[in-house]
Amino acid sequence: MSSLHSIRPWRQIDRRTSRQIMVGNVPVGGDAPITVQTMTNTITTDIKATIEQVQACADAGADIVRVSAPDEASARALKEICAESPVPIVADIHFHYKRAIEAAESGAACLRINPGNIGDATRVREVIKAAKDHGCSIRIGVNAGSLEKHLLDKYAEPCPEAMIESGLDHIRILEDNDFQDYKISCKASDVFMAAAAYQGLAEATDAPIHLGITEAGGLVSGTIKSAIGLGNLLWMGIGDTIRVSLSADPVEEVKVGYEILKSLGLRHRGVNIISCPSCARQGFDVIATVAELEKRLEHIKTPMSLSIIGCVVNGPGEALMTDVGFTGGGAGSGMIYMAGKQDHKQSNEGMVDHIVGLVEQRAAELDAETDVAAE
């Protein structure tokens, strides 16, 4: 029996058609899955700490990780970081175009350049040559906070029109130099500005689009802002790769990114826990149980669903739609559901261990079914 992740017609999102590029060995755009990115916040020259953080992000599901290269030592440190990384590394370049050249030489899979502060067209051409020579893609990273002076003079302030014009100007430079392996972003901390700019770019180019609400804030506020901004754009079919920008551990960015995609049915990874907020009807401590299950099921990568509902009002109905379910009852026990059907009773004592075991068993079964189907 397959996992209960059927796509119904009213849940289908029609993604914008974009061309596909490669970031290392990861396809971005076209019919490739929407990729999840994050960025390290270690000192890049602390190679050990940076590699450890990249690995932690990859373990959490990051497809691509960005690393800042603010100086020559950092750009050169990328050589060891890229060699050890399990995922492609994007070099984050600001101000000095030579850092981009050094990062390309160090093995970066992609160069992120900010058109507003990388320099004139001559310098951009030198970056393009380095990208070609070393097989790098490029991300044009337009940001409302660092637009070119002539655009700020023209529009008086950051606005969607200025961001779109900046992006298209720099696309023109790349294409005039016969470079097509690029994607583009146009980030702003203002959700409305970012959304309008992204919609305009999506209509003006077929380049893969990297989505982000920049400087979104802390874990709670930034998650909400990102979910609203990115969620609406993704719902419209816009976006080929995403980064959630939080003042938090980069691993949290990866988790939030996946949750946004999972909520829209665009990516499935790990256990999707459906749980109630709890009330006086609960037959067990829902909040504590869910918190413990989230931690203990982090290692599961197989897409599957788990419902944890405190009482029988909504519990049986939610369990009908999940791979594994537990509904609270009376007398210190509840009902376990498997693939939507009542299976057996389970006491509240020891329920977490029991549920973890059932989820691991179900994940193994689904993995086996996938392997058979692939043969």
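In Å², and per residue, what accessible area does the range 122-207 have when probed at 1.4 Å with the other protein chains present?
45
Treating cross-link reach as a plain straight distance, find the lysines whose alpha-carbon is under 18 Å from the alpha-carbon of residue 187, omitting any fewer than eight places away in the same chain.
Cross-link targets: 149, 225.
Under a point spin-label approximation (7 Å from Cα along Cα-to-Cβ), what is the residue 372-residue 294 distance to one decimal in nm?
3.5
Quick one: pull the percent of accessible area on the range 219-345 belonging to carbon and sulfur, 1.4 Å probe, ligands and nucleic acids left out.
Taking all protein chains in place, the range 219-345 shows 57 percent carbon and sulfur surface.
Suppose all protein chains stay in the model; what accessible area per residue would a 1.4 Å probe give for the range 230-370, in Å²?
Per residue, the range 230-370 has 44 Å² of solvent-accessible surface.
Measure out, as a whole number of angstrom, how far apart the alpha-carbon centroids of the range 168-193 and the range 29-82 sit.
The range 168-193 and the range 29-82 have Cα centres spaced 22 Å from each other.
How large is the direction-averaged shadow of the alpha-carbon convex hull of the range 115-181, in nm²?
For the Cα atoms of the range 115-181, the hull's average projected area reads 4.2 nm².
Straight distance only, please: which aspartates and glutamates reach the Cα of residue 345 with their own Cα at less than 15 Å, same-chain residues fewer than 8 apart left out?
Cα-Cα hits under 15 Å: 353.
Would you mind telling me the share, in percent, of accessible area of the range 78-201 contributed by carbon and sulfur at probe 1.4 angstrom? Walk me through the numbers on the way to the answer.
Values: 2430 of 5020 Å².
On the range 78-201, the fraction of accessible area on carbon and sulfur atoms equals 48 percent.
Pick from 80, 102, 203: which residue has the top mean-square fluctuation in a GNM of the chain where Cα pairs under 10 Å get a spring?
So, out of 80, 102, 203, the one fluctuating most is 203.
How many percent of DSSP beta bridges within the chain run antiparallel, rounded to 5?
Taking every DSSP beta bridge within the chain, about 30 percent pair in antiparallel fashion.
Tell me, what ³J(HN,Hα) does each residue in the range 225-240 have, in order and in whole Hz, if you take phi through Karplus 6.51 cos²θ - 1.76 cosθ + 1.60 with θ = phi - 60° and put x for Gly and Pro?
With coefficients 6.51, -1.76 and 1.60, one gets 4, 5, 4, 5, x, 5, x, 5, 5, 4, 4, 7, x, 9, x, 10 Hz.
Can you spot the lysines whose alpha carbon is less than 23 Å from residue 295's alpha carbon? Ignore those fewer than 8 places along the same chain.
Of all the lysines, those that pass the test against residue 295 - Cα under 23 Å, at least 8 places apart if same chain - are 255, 262.
Which of the three applies to the range 15-101, rounded, prolate or oblate, going by the alpha-carbon gyration tensor with a ≥ b ≥ c and a/c under 1.5 meaning rounded?
Oblate shape, in that a/c is at least 1.5 and b/c is the bigger or equal ratio.
The values are calculated or read from the model by the stated rules, or taken from the named source; none is laboratory data. Given the structure is predicted, the values throughout are model-derived calculations rather than measurements. When we count neighbours, we look across all protein chains shown, and the Cβ atoms used for this are built from the backbone with ideal geometry, even at glycine. For the accessible areas, the whole protein counts, side chains as well, though only heavy atoms, and no ligand, DNA or RNA atoms are used. Shrake-Rupley method; radii C 1.70, N 1.55, O 1.52, S 1.80 Å.
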